[in-house]
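Engineer: Pasting a structure here, questions to come.
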Ligand SMILES: Cc1ncc(C[n+]2csc(CCOP(=O)(O)OP(=O)(O)O)c2C)c(N)n1
Ligand SMILES: [Mg+2]
């Protein structure tokens, strides 16, 4: 079963059997959002309003309908975020009134989709209190996030990525006694890090690879800390911008919890263009490999250790 | 256009009758006496948080609460009278202003973000206008009637027009109120726009009126609108005190409290009103006595 089919399955059950609601724009057309939306009741086609639309979902959450709110491109979150961060995320702490909205925020990149529709924006949603953030890339991870949503009463920001919709694999962390570096990968950074490892293997560099599902709360696995303490060098790879982004935030946390020097690699601080040579997307396997080679050789030369 | 008699309909106080007028008075008069106590407490610096007093619009809240029983309420920052009229606990509002754990939001909301679960009133986050789509979502998801109140300024927010459109399309059980005091803090409507919110609502197929804050005229329209929701009322109102705080900007354009009580007296209710007022004063006094006398 692919990730898209898993999302569709979970959604159908919620809408058919749990009295749930799904809000979105043009969801029942053009591929039904990558095949993630079932043809069933309780789908609400809202008008094209990215300012008021999230408020509709917030109101429905206040009425215990546990709505799924779909935003086709994460770039549109600049528009959609106000009631989600300002009401849904705050309400429980201000009024003791939970607002459980499942925010499906879908990342996309490449193929010339340009600066507004491309990239992920999960980092900005780690900022306000009251909003857990997850980045599921596999069917089981998605189920875990969904179950978390049902078992808690918080809203939740789910940073999806179109490129993972066809994925049906689960990923294991990869840890070696004699690794040179520990990579912690997020979003599509995970797929690209897997490819990067192949390039690194050929160059004789061994990299641990950890797949990170939850950005907030961020609770590093014990094995991750242990691995970092062993390699003394880490790299967090992400599909969102690097500056003040999830990659740097997690690198900071990990540096405080380990003896490792942890670096961050996300999108560059420049606008993504349409032409392929102007794109600014998830660091490619080649780019990840190049950075890792540089970091590892710097350490070997005695540079860049943790101060 | 803007006047105390906009949309006037003759003989409504008589049509609604004595009982209605007395209940209306009871609620509005308590709102006023409670707000006087809040003002006194603020002036004595029992709290220094921003407060948004509803003196001047007490009758709006009172008449909504009489006509829209059982509605879920989504107001905005100036909502003490709404809270009290719909049955929010006055002690919990007092404690909220004092920043106490026993406040209606445990001290998290202050004056402008109050909630009253006991009265189906939801908190407002402080983002002007945001309450309107949230109310629409609640009405859609529950199919139960909701009242949402914004101001002449927040009605300009991007949240509003798509909400009206969605409510019209989905036939949502909604009453939209724009409490139009002609001010966004201190900026008048004429400086900000040349369009009328009631016309916008009407253009979307929502029955809409633009009227003064005469509580009987409001009641008259609510009675009709309730039968065919959604509905929209732009209510020309006057705030007597500062946007936030207890000071006075200017002589009020009109004094709805005085106009309404005079009309009630014409119905021969003066002595009954006086008894009610004494009870309300005493009630407000008792609620605030401990902290004000300390
Ligand atoms: C989204 C947003 N923009 C601006 C403000 C700042 N602000 C607070 S109250 C206010 C004026 C509100 O006027 P109106 O809606 O007419 O209500 P009134 O205060 O007159 O009752 C403004 C501009 C805010 N709180 N939220
Ligand atoms: Mg105003």
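Engineer: Against the definition (surrounded by fewer than 24 Cβ atoms within 10 Å (Cβ to Cβ), modelled with pLDDT of 95 or more, touching a strand residue (DSSP E or B) at 6+ places or on another chain (Cβ under 9 Å) and not in a loop (DSSP other than H, G, I, E, B)), how does residue A:160 come out, yes or no? Break it down into steps so the answer makes sense when it comes.
Structural biologist: Working: surrounded by fewer than 24 Cβ atoms within 10 Å (Cβ to Cβ): no; modelled with pLDDT of 95 or more: yes; touching a strand residue (DSSP E or B) at 6+ places or on another chain (Cβ under 9 Å): yes; not in a loop (DSSP other than H, G, I, E, B): yes.
Criteria not met by residue A:160.
Engineer: Could you please give the count of residues in region B:60-79 that are within 13 Å of residue B:177 (Cβ to Cβ) and either in contact with a strand residue (DSSP E or B) (Cβ under 8 Å, 6 or more places away or on another chain) or crowded, with 24+ Cβ neighbours inside 10 Å (or both)? It would help to see each step written out before you state the result.
Structural biologist: From region B:60-79, those within 13 Å of residue B:177 (Cβ to Cβ) are B:60-61, B:63-65, B:67-68, B:71, B:73-76, B:78-79; that's our starting set.
Subset that is either in contact with a strand residue (DSSP E or B) (Cβ under 8 Å, 6 or more places away or on another chain) or crowded, with 24+ Cβ neighbours inside 10 Å (or both): B:60-61, B:63-65, B:68, B:71, B:73-76, B:78-79.
The total comes to 13.
Engineer: Sticking with this one: Tell me which residues, restricted to region A:148-182, are under 17 Å from the mean Cα position of the chain (by Cα) and under 24 Å from residue A:62 (Cα atoms).
Structural biologist: A:148, A:149, A:155, A:156, A:157, A:158, A:159
To keep it simple, each residue is scored yes or no on (1) part of a helix (DSSP H, G or I); (2) surrounded by fewer than 17 Cβ atoms within 10 Å (Cβ to Cβ); (3) without any contact (Cβ under 8 Å) to a residue 12 or more places away in the chain.
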site	(1), (2), (3)
A:183	no, no, no
A:191	yes, no, no
A:194	yes, no, no
A:198	yes, yes, no
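Engineer: Another question about this same structure. Return the residues of region B:132-163 that are facing chain A (nearest Cβ under 8 Å), within 12 Å of ligand 1 (Cβ to nearest atom) and within 22 Å of residue B:225 (Cα to Cα); say none if nothing qualifies.
Structural biologist: B:132, B:160
Engineer: Return yes or no: is residue B:83 away from chain A (no Cβ under 12 Å), part of a helix (DSSP H, G or I) and within 18 Å of residue B:148 (Cβ to Cβ)?
Structural biologist: Details: away from chain A (no Cβ under 12 Å): yes; part of a helix (DSSP H, G or I): yes; within 18 Å of residue B:148 (Cβ to Cβ): yes.
Against the criterion (away from chain A (no Cβ under 12 Å), part of a helix (DSSP H, G or I) and within 18 Å of residue B:148 (Cβ to Cβ)), residue B:83 qualifies.
Engineer: Among (1) under 15 Å from the mean Cα position of the chain (by Cα); (2) more than 13 Å from ligand 2 (Cβ to nearest atom), which single condition is residue B:138 missing?
Structural biologist: (1)
Engineer: To continue, here is another question. Looking for something within 16 Å of ligand 1 (Cβ to nearest atom), farther than 17 Å from residue B:75 by Cα and within 13 Å of chain A (Cβ to nearest Cβ) - is there at least one such residue anywhere in region B:168-191?
Structural biologist: no
Engineer: Kindly indicate which of B:229, B:222 is more than 13 Å from ligand 2 (Cβ to nearest atom), touching a residue at least 60 places away in the same chain (Cβ under 8 Å) and assigned to a helix (DSSP H, G or I).
Structural biologist: Numbers: B:229 fails: assigned to a helix (DSSP H, G or I).
Unique residue meeting the criteria: B:222.
Engineer: Criterion first (within 23 Å of residue B:77 (Cα to Cα), at pLDDT 95 or above and away from ligand 1 (no atom under 16 Å from the Cβ)) does residue B:257 satisfy it?
Structural biologist: On the way: within 23 Å of residue B:77 (Cα to Cα): yes; at pLDDT 95 or above: yes; away from ligand 1 (no atom under 16 Å from the Cβ): yes.
Here the answer is yes, as residue B:257 does meet what is asked.
Engineer: So how many residues does region B:160-191 have that are touching a residue at least 12 places away in the same chain (Cβ under 8 Å) and more than 16 Å from ligand 2 (Cβ to nearest atom)?
Structural biologist: Selection size over region B:160-191: 14.
Engineer: Follow-up. Among the numbered criteria (1) touching a strand residue (DSSP E or B) at 6+ places or on another chain (Cβ under 6 Å); (2) buried (at least 23 other Cβ atoms within 10 Å of the Cβ), which single criterion is violated by residue B:120?
Structural biologist: Every condition holds for residue B:120 apart from (2).
The values are calculated or read from the model by the stated rules, or taken from the named source; none is laboratory data. This structure is a prediction, so every number in the text was calculated from the model and none was measured. Note: ideal-geometry Cβ built from the backbone for every residue, glycine included; neighbour counts use all protein chains shown.
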